[in-house]
Amino acid sequence: MSRQPRTQNVTTDAGDARITWVRASAPRLVLAVGHGAGGGIEARDLKALAAFLPAHGVTVALVEQPWRVAGKKLAPAPKTLDTGWRGLWPALAAPGLPVVAGGRSAGARVACRTATELGAAAVLALSFPLHPPGRPEKSRAEELLGTGVPTLVVQGGNDPFGRPEEFPPGAYELAEVPYGDHGFAVPKKSGLSEAQAMDLLTGAVTGWLTSLG
């Protein structure tokens, strides 16, 4: 049984950030997930993980970057996002449990870039933006391939930022949400409901987290 979410404000060199803790009653690890450049922690995949994982021994920390807390419309440069994430890390590690760094889209890139230096136990990359839409030559594969820790990518089958078949081979696992777009929305013609799509996502993440030991 999970407890009620609790928010924690954290001052970083990029400004004030916020963590919403959704705690497991007997946690074995923390999954810290950041949002993308176009939205916040209300994203369907982050909400689904926060609702599902605490019952499986995983405390979920929903991370809001300083620009989002400040009410700004546009995300800052990647370097600033990394600065905010680094400033949050001591609070994420404070429970004394292994921390899996994660995020969706831009947040996934942050988790990948900083995993080794911060001592993350693993990386969860949701909707990793392998390239800008229509620009496959602008690949960000290096970030994903350089995490240095166990990594799971969960990608929508129709994600314009990179479909599963576009991902290069590497030392990571990849799970697909069929027909999903960058936000894991699925069209009616797919025969999948949003709930079923989120079941696929949470199932893949739970199985992978369990495999980490």
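Annotations
- Matching residues in the stretch 86-104 - criterion: being without any contact (Cβ under 8 Å) to a residue 60 or more places away in the chain and either crowded, with 24+ Cβ neighbours inside 10 Å or not aliphatic (A, V, I, L, M) (or both): W89, P90, G96
- Taking the stretch 155-175 as the range and being open to solvent by 80 Å² or more (accessible area, probe 1.4 Å) and modelled with pLDDT under 95 as the test, the residues that pass are P169, A171.
- Pick from the stretch 176-191, criterion touching a helix residue (DSSP H, G or I) at 6+ places or on another chain (Cβ under 8 Å) and of a type outside the set (G, A, S), ranking: most open to solvent (accessible area, probe 1.4 Å): Y179
- One residue stands out among those in the stretch 61-79 that are exposed (fewer than 10 other Cβ atoms within 10 Å of the Cβ) and among the hydrophobic types (A, V, I, L, M, F, W, C): the one that is modelled with the lowest pLDDT, which is L74.
- The residues of the stretch 167-209 that are in a helix (DSSP H, G or I) and in contact (Cβ under 8 Å) with a residue 12 or more places away in the chain, listed by number, are S190, E194, A197, M198, L200, L201, T202, A204, V205, T206, W208, L209.
- Boolean, L152 is part of a strand (DSSP E or B), touching a residue at least 24 places away in the same chain (Cβ under 8 Å), touching a Phe, Trp or Tyr at 6+ places or on another chain (Cβ under 6 Å) and open to solvent by less than 40 Å² (accessible area, probe 1.4 Å): yes
- Exactly one residue out of G148, G119, G170, G157 is in contact with a Ser or Thr (Cβ under 7 Å, 6 or more places away or on another chain) and over 20 Å from A75 (Cβ atoms): that is G148.
- Among the residues of the stretch 86-107, the one identified as over 20 Å from T210 (Cα atoms), over 17 Å from the mean Cα position of the chain (by Cα) and assigned to a loop (DSSP other than H, G, I, E, B) is A94.
- Residue selected from the stretch 30-60 under the condition under 12 Å from the mean Cα position of the chain (by Cα) and not aliphatic (A, V, I, L, M), by the criterion most open to solvent (accessible area, probe 1.4 Å): K47
- For the stretch 10-26, the criterion of being free of Cβ contacts under 8 Å to residues at least 60 places away in the same chain, assigned to a strand (DSSP E or B), surrounded by 19 or more Cβ atoms within 10 Å (Cβ to Cβ) and out of contact with any Asp or Glu (no Cβ under 6 Å at 6 or more places or on another chain) is met by at least one residue.
- Taking each residue of the stretch 105-127 that is at positive phi and looking for partners that are among the acidic types (D, E) with beta-carbon atoms closer than 7 Å, six or more apart or interchain, yields S127/D159.
The values are calculated or read from the model by the stated rules, or taken from the named source; none is laboratory data. Quick caveat, the model's predicted, so the values are computed rather than measured. Using ideal geometry, Cβ is built from the backbone for each residue, glycine included, and neighbour counts are taken over all protein chains shown. Accessible surface areas use protein heavy atoms only, side chains included; no ligands, DNA or RNA. Shrake-Rupley method; radii C 1.70, N 1.55, O 1.52, S 1.80 Å.
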